[in-house]
1. If I ask for residues that are within 15 Å of residue 69 (Cα to Cα) and out of contact with any Ser or Thr (no Cβ under 8 Å at 6 or more places or on another chain), which ones from the stretch 27-54 would you list?
2. Tally the residues that are touching a strand residue (DSSP E or B) at 6+ places or on another chain (Cβ under 7 Å) and at pLDDT 85 or above, restricting the search to the stretch 9-31.
3. For the stretch 55-66, name all the residues that are surrounded by 15 or more Cβ atoms within 10 Å (Cβ to Cβ) and either among the aliphatic types (A, V, I, L, M) or touching a strand residue (DSSP E or B) at 6+ places or on another chain (Cβ under 8 Å) (or both).
4. Would a scan of the stretch 61-71 turn up a residue that is under 18 Å from residue 20 (Cα atoms), basic (Lys, Arg) and within 11 Å of the chain's Cα centre (by Cα)?
5. Quick one: which helices (runs of 4 or more DSSP H) lie wholly within the stretch 32-135 and hold at least 1 residues that are touching a Cys at 6+ places or on another chain (Cβ under 7 Å) and modelled with pLDDT of 95 or more?
6. Restricting attention to the stretch 27-42, which residues are out of contact with any Lys or Arg (no Cβ under 6 Å at 6 or more places or on another chain) and surrounded by 14 or more Cβ atoms within 10 Å (Cβ to Cβ)?
7. Quick check on the stretch 93-123: of everything there that is farther than 28 Å from residue 27 by Cβ and open to solvent by less than 50 Å² (accessible area, probe 1.4 Å), which residue is nearest to the chain's Cα centre (by Cα)?
8. Can you pull out the residues in the stretch 67-85 that are of a type in the set (Gly, Ala, Ser), open to solvent by 60 Å² or more (accessible area, probe 1.4 Å) and farther than 16 Å from residue 99 by Cβ?
Amino acid sequence: QVGLPEEAEQPPAFTGTQVFSARSAVLRRAGGYLLDFFGDSANVGCKTDGGHYRIERSWKHFEAVLDYVRDGSCALPAAYSPKSQDNRRASSEEEELREFVREAGFYRIRPLLDLATSRLLHCRYSSPRMLSLLA
């Protein structure tokens, strides 16, 4: 179960919590935060009433993070244009990638962080000259 506490500031489209499913062995294999969390015996009894472990983060990008943890690949976020009846604001690819990089950094999944950061740099500094200076 991933979500922020009710009193936390978050975009209206991502309020509440979402339940995601994965084996703890897969999550521990990812290393970083997930290894620390699921490797700590003090967290064994920290389940919600529904039997889920709670991670207090926005769930917006967690599905992509979980995809990466499961098989080493995921779709990186792209720009977002609202559809009708949608309360989420439009966002650029750069904005989405910045949020994603922050999440990958929180979970301390270095290969995913490197992948997303590289894409963010290409998005931000797309001229060949700028990219050569960053290499």
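1. 27, 28, 29, 30, 31, 32, 33, 34, 35, 36, 37
2. Taking the stretch 9-31 as the starting set, the residues that turn out to be touching a strand residue (DSSP E or B) at 6+ places or on another chain (Cβ under 7 Å) are 16-18, 20.
Then keep just the ones that are at pLDDT 85 or above; that gives 20.
Qualifying residue count, the stretch 9-31: 1.
3. Within the stretch 55-66, 55, 57, 58, 59, 62, 64, 65, 66 qualify.
4. Start the filter on the stretch 61-71 by keeping residues that are under 18 Å from residue 20 (Cα atoms), which leaves 61-71.
Add one more test, that the residue is basic (Lys, Arg), and what stays is 70.
Narrowing further to those that are within 11 Å of the chain's Cα centre (by Cα): none.
No: the stretch 61-71 contains no residue that is under 18 Å from residue 20 (Cα atoms), basic (Lys, Arg) and within 11 Å of the chain's Cα centre (by Cα).
5. 62-71, 93-107
6. Those that are out of contact with any Lys or Arg (no Cβ under 6 Å at 6 or more places or on another chain) and surrounded by 14 or more Cβ atoms within 10 Å (Cβ to Cβ): 27, 28, 30, 31, 34, 37.
7. Per the stated criteria, the residue is 94.
8. 73, 81, 84
The values are calculated or read from the model by the stated rules, or taken from the named source; none is laboratory data. Keep in mind it's a predicted model, so treat the numbers as computed, not measured. For neighbour counting, all protein chains shown are included, and Cβ atoms are generated from backbone atoms with ideal geometry for every residue, glycine included. The accessibility values were calculated without ligands, DNA or RNA, using every heavy atom of the protein model including side chains. Shrake-Rupley method; radii C 1.70, N 1.55, O 1.52, S 1.80 Å.
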